[in-house]
Amino acid sequence: MPIAVYQYKFSRNADAFSKRKASRDTYQALFRELRARELLFLCHRGYGELFVIPEKLPDESSVRDILQSHQLLPEASPVDCRLLIGRDAVTRFLHISVGAAGSHGGVKLMELLYSEFNRISELELSGPVLNHLFQRGIWLHEKVRQETRFFQFAVAPAAVIDELSKKILGKQKKFHLAVIGHSPSLSHLVEEMYQFGHRRMTFMGNKAEIDRDAVLKYEGAIRMASGLAELPHDADLLLVFPSETHKLSDALLKKRMRQRSGALLVFDFGGNILNIRKLNRIADLYIYSGTDIEKVIRYNEAQREDAAGEVEKWVEREIDAFYQWYNSEDRYQFAGIIGTTPRMQRIFEMISRISQTDITVLIDGESGTGKELVAKAIHKLSSRAEKPFMVINCGAIPEHLLESELFGHVRGAFTGAIAQKQGLFEAANTGTLFLDEIGELPQHLQVKLLRALQEGEIKRVGSNETIQIDVRVLAATNKNLAEMVGAQTFRSDLYYRLKVIQLTTPPLRERVPDIPLLAKHFVKKFSKKLRKDVTGITPEALEILKAYHWPGNVRELENAIEHAIALAIGSNISGQDLPKNLQNPPTTTVENGKFSGQRLTLKALEKRYILETLNACEWNYEKVCNILAIGRTTLWRKIREYALDEGRDSEKL
């Protein structure tokens, strides 16, 4: 039971809670009071949902009381609770993140989840389980969007109105929406229309019917009178609700259509007595009742049933994959990449978002940070996963051979070209081509690469024949291409074509909590390769690894572990087994106001200071908090962030 969700339904008069968000302090209090390892709170129209990874599952009434005490649920309103645990909870989370949580408002709920998850990630409050579910949900949403018609059918009233308005009035037009009267049960329509981009609004009705807060919120105009004498002459859409004083009539609509040319779209939820059949004969006048909208929704729901069945199968497979991941040793991996820090989680999220598209990606970062692993992950999660993945290092091949390697050549194109050769672009057709060290590409080849990206066509060396290709290009560099553009050593048009999406892999010194995980992974890898019975790392050696600056990043760490396993005697790597430059790193000195030698980052210094204080106080949290002048929740978060409690039995904070 890795996850549970408490769902609360409260009465409509609690709409004030529809956008309630938990602050950082509230989240930390919930962590403490619910004894949770991870949690996420969502509040939407009439509902509250708390996703929690618990140490011990609390009862529903306790959770409700805690949420009410923090003003996350209304106290004055009756509240019904439902608890989903295990597979049901995972299903609910994935349904929301995919956008398939119910017919109405599924996409809106998905957007709310995305917004809240990004917020808690920025607060560094997200955890590995919810991170993994969120990333897989994003990936699955993109798969559904690309490969099915599931999202092509509007199944919410506001979506139907928006779709019809764009079809009738034109997609590029900035509509003027006139809202007549008021309906408490349908007031959310105005907000959703605003979210769809309808920014010009006029509110019409008597004093009791016009919500002045809404007028201010949507920057709308007010027309208040004793009755409805005429319609705004420039209004394109009418959203008509019940009104005591503002009644829509045939005469008003005919008058409006005589006053100006252009279409008028009317959505009547007010029960007005209109001769719709007769009015619809008037050119450019379109009238839909609430019943008409319901018919469209029912039709669209039926149309997407087939797609919904396919989506449900994919969700079920994702749930099985989630539990396989959760119960495996690969819980800290994403598509073959190891990482738990917020920056790595952000990269995993971006990979999930972009992998299903064919968008070009530029991956930059220092040497040895795993840029090729990121490229492989994008390919692995794409619809091209079963197609070729070709790699070329643009700096490792002589310039006179590089063009042939990329584009191929015909027989006799140059000395030694004794046969026709297929280039990597052709070999990667329908798949992915990864161009490593793209900054080393000669300028004359930059022109040919740009044409291949823009036109999807190439020419072999020595040939005038154009070959059509379907290749997704991923590129990587450890150079600053923007500076190269400024120095005119790299074409600006190619640079901007490559960096449609840019991912920056962080250096290892900025992801210290990942070092133990990476080290254990390499221990397992090289123990098998070198046929050594090494299974672990001593605390002393682990501290050396954490304190080192790692100018060579993950590649240097990998080499250091291979070195240590080759020298290790026994089942654990000791500090003496590590390379000498790790055991005796250069110290930092200041000369003429400038630093020389290795410098620790602020995070590394903070981590070392906290660990030393914990050891000095024999892990007495109260003493440590007094010395560091921080709260217990902050200490708890720092211990987990820096993995300080690895290898010891953690006490409950």
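The values are calculated or read from the model by the stated rules, or taken from the named source; none is laboratory data. Since this is a predicted model, take the numbers as computed values, not measurements. Heads up, the Cβs are rebuilt from the backbone with ideal geometry, glycines too, and the neighbour counts pull from every protein chain shown.
Quick grid of which residues meet (1) at pLDDT below 90; (2) closer than 27 Å to A385 by Cβ; (3) assigned by TED's automatic domain parsing to the domain that holds R491; (4) of a type outside the set (D, E):
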residue	(1), (2), (3), (4)
T432	no, yes, yes, yes
L445	no, no, yes, yes
E455	no, yes, yes, no
I458	no, yes, yes, yes
Practice task
Being within 17 Å of V266 (Cα to Cα), of a type in the set (D, E, K, R) and either in contact with a helix residue (DSSP H, G or I) (Cβ under 9 Å, 6 or more places away or on another chain) or outside any helix (DSSP H, G or I) (or both) is the filter here, so list the residues in segment 293-314 that pass it.
Solution key: E294
Handout entry: Any hit, segment 523-534, residues being touching a Leu at 6+ places or on another chain (Cβ under 9 Å) and either under 30 Å from Q443 (Cβ atoms) or not charged (D, E, K, R) (or both)
Key = no
Practice task
Being modelled with pLDDT under 65, assigned to a loop (DSSP other than H, G, I, E, B) and among the small types (G, A, S) is the filter here, so list the residues in segment 1-21 that pass it.
Solution key: S18
Problem - Odd one out for F31 among (1) surrounded by 15 or more Cβ atoms within 10 Å (Cβ to Cβ); (2) modelled with pLDDT under 90; (3) more than 18 Å from E111 (Cα to Cα) - result: (2)
Practice task
Please specify each residue of segment 501-516 satisfying the condition of being over 15 Å from I347 (Cα atoms) and either buried (at least 20 other Cβ atoms within 10 Å of the Cβ) or touching a Ser or Thr at 6+ places or on another chain (Cβ under 7 Å) (or both).
Solution key: R509, V512, P513, I515
Handout entry: Cβ pairs under 7 Å, 6+ apart, first in segment 185-199 and in contact (Cβ under 8 Å) with a residue 60 or more places away in the chain, second of a type in the set (K, R)
Key = H188/R45
Practice task
Scan segment 399-443 for residues that are under 36 Å from the mean Cα position of the chain (by Cα), more than 24 Å from Q356 (Cβ to Cβ) and part of a loop (DSSP other than H, G, I, E, B) and report the count.
Solution key: 4
Practice task
Quick one: T613 ticks every box in (1) closer than 19 Å to P516 by Cα; (2) surrounded by 15 or more Cβ atoms within 10 Å (Cβ to Cβ); (3) at pLDDT 75 or above except a single one, so which number is it?
Solution key: (1)
Exercise for the section: Would you mind telling me which numbered condition in (1) of a type outside the set (S, T, Y); (2) surrounded by 20 or more Cβ atoms within 10 Å (Cβ to Cβ); (3) closer than 20 Å to D162 by Cβ; (4) touching a residue at least 40 places away in the same chain (Cβ under 8 Å) I297 fails? Expected result: (2)
Completion exercise
The correct count of residues that are touching a residue at least 24 places away in the same chain (Cβ under 8 Å), in a loop (DSSP other than H, G, I, E, B) and among the hydrophobic types (A, V, I, L, M, F, W, C) in segment 461-489 is 2
Exercise for the section: Considering only residues that are closer than 30 Å to S355 by Cβ and among the β-branched types (V, I, T), look in segment 141-181 and name the one that is farthest from the chain's Cα centre (by Cα). Expected result: V155
Practice task
Can you tell me which residue within segment 30-42, out of those that are touching a residue at least 60 places away in the same chain (Cβ under 8 Å) and part of a helix (DSSP H, G or I), is nearest to L133 (Cα to Cα)?
Solution key: F31
Handout entry: Residue selected from segment 231-289 under the condition surrounded by fewer than 21 Cβ atoms within 10 Å (Cβ to Cβ) and polar (S, T, N, Q), by the criterion nearest to T202 (Cα to Cα)
Key = T245
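Of everything in segment 261-278 that's farther than 24 Å from V190 by Cα and assigned to a helix (DSSP H, G or I), which residue is modelled with the lowest pLDDT? Give the derivation first.
Filtering segment 261-278 down to residues farther than 24 Å from V190 by Cα leaves 261, 275, 277-278.
Then keep just the ones that are assigned to a helix (DSSP H, G or I); that gives 277-278.
Numbers: R277: 79, K278: 83.
The qualifying residue modelled with the lowest pLDDT is R277.
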Exercise for the section: Check segment 513-526 and report whether any residue there is over 30 Å from I610 (Cβ atoms) and out of contact with any helix residue (DSSP H, G or I) (no Cβ under 7 Å at 6 or more places or on another chain). Expected result: yes
Problem - Extreme residue, nearest to the chain's Cα centre (by Cα), among residues of segment 637-653 that are in a helix (DSSP H, G or I) and modelled with pLDDT of 80 or more - result: K638
Completion exercise
Per the list (1) of a type in the set (D, E); (2) over 16 Å from F134 (Cα atoms); (3) within 21 Å of the chain's Cα centre (by Cα), residue check on D306 breaks on (3)
Problem - Qualifying residue in segment 83-94 (condition: assigned by TED's automatic domain parsing to the domain that holds V52, of a type in the set (D, E) and either surrounded by fewer than 16 Cβ atoms within 10 Å (Cβ to Cβ) or farther than 30 Å from S328 by Cα (or both)) - result: yes
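Could you list all residues from segment 517-539 that are more than 21 Å from E641 (Cα to Cα), of a type in the set (V, I, T) and buried (at least 19 other Cβ atoms within 10 Å of the Cβ)?
Applying the first criterion (more than 21 Å from E641 (Cα to Cα)) to segment 517-539 yields 522-536.
With the extra rule that they be of a type in the set (V, I, T), the set shrinks to 523, 534-535.
Of everything in segment 517-539, those that are more than 21 Å from E641 (Cα to Cα), of a type in the set (V, I, T) and buried (at least 19 other Cβ atoms within 10 Å of the Cβ) turn out to be V523, V534.
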Problem - Lone unmet requirement of (1) over 28 Å from the mean Cα position of the chain (by Cα); (2) surrounded by 18 or more Cβ atoms within 10 Å (Cβ to Cβ) for H188 - result: (1)
Completion exercise
Only one of S352, S404 is out of contact with any Asp or Glu (no Cβ under 6 Å at 6 or more places or on another chain), of a type in the set (S, T, Y) and more than 29 Å from N118 (Cβ to Cβ), namely S404
Problem - Candidates R281, R258, R317, filtered to the one that is assigned by TED's automatic domain parsing to the domain that holds L186, free of Cβ contacts under 8 Å to residues at least 40 places away in the same chain and not in a loop (DSSP other than H, G, I, E, B) - result: R258
Practice task
Name the residue, out of E116, E142, E163, that is out of contact with any helix residue (DSSP H, G or I) (no Cβ under 7 Å at 6 or more places or on another chain), in a helix (DSSP H, G or I) and under 23 Å from I3 (Cβ atoms).
Solution key: E116
Handout entry: Failed criterion for L498 (all others in (1) buried (at least 19 other Cβ atoms within 10 Å of the Cβ); (2) closer than 30 Å to A560 by Cα; (3) within 23 Å of the chain's Cα centre (by Cα) hold)
Key = (2)
Fill in the blank from the handout: The correct count of residues that are part of a loop (DSSP other than H, G, I, E, B) and farther than 17 Å from K371 by Cβ in segment 490-504 is 2
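Conditions tested, residue by residue: (1) touching a residue at least 60 places away in the same chain (Cβ under 8 Å); (2) of a type outside the set (V, I, T); (3) surrounded by 17 or more Cβ atoms within 10 Å (Cβ to Cβ); (4) under 22 Å from G456 (Cα atoms).
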position: A375; (1), (2), (3), (4): yes, yes, yes, yes
position: M390; (1), (2), (3), (4): no, yes, yes, yes
position: A396; (1), (2), (3), (4): no, yes, no, no
position: S404; (1), (2), (3), (4): no, yes, yes, yes
position: T430; (1), (2), (3), (4): no, no, no, yes
Fill in the blank from the handout: Of (1) in a helix (DSSP H, G or I); (2) modelled with pLDDT of 85 or more; (3) not acidic (D, E), R608 satisfies every one except (2)
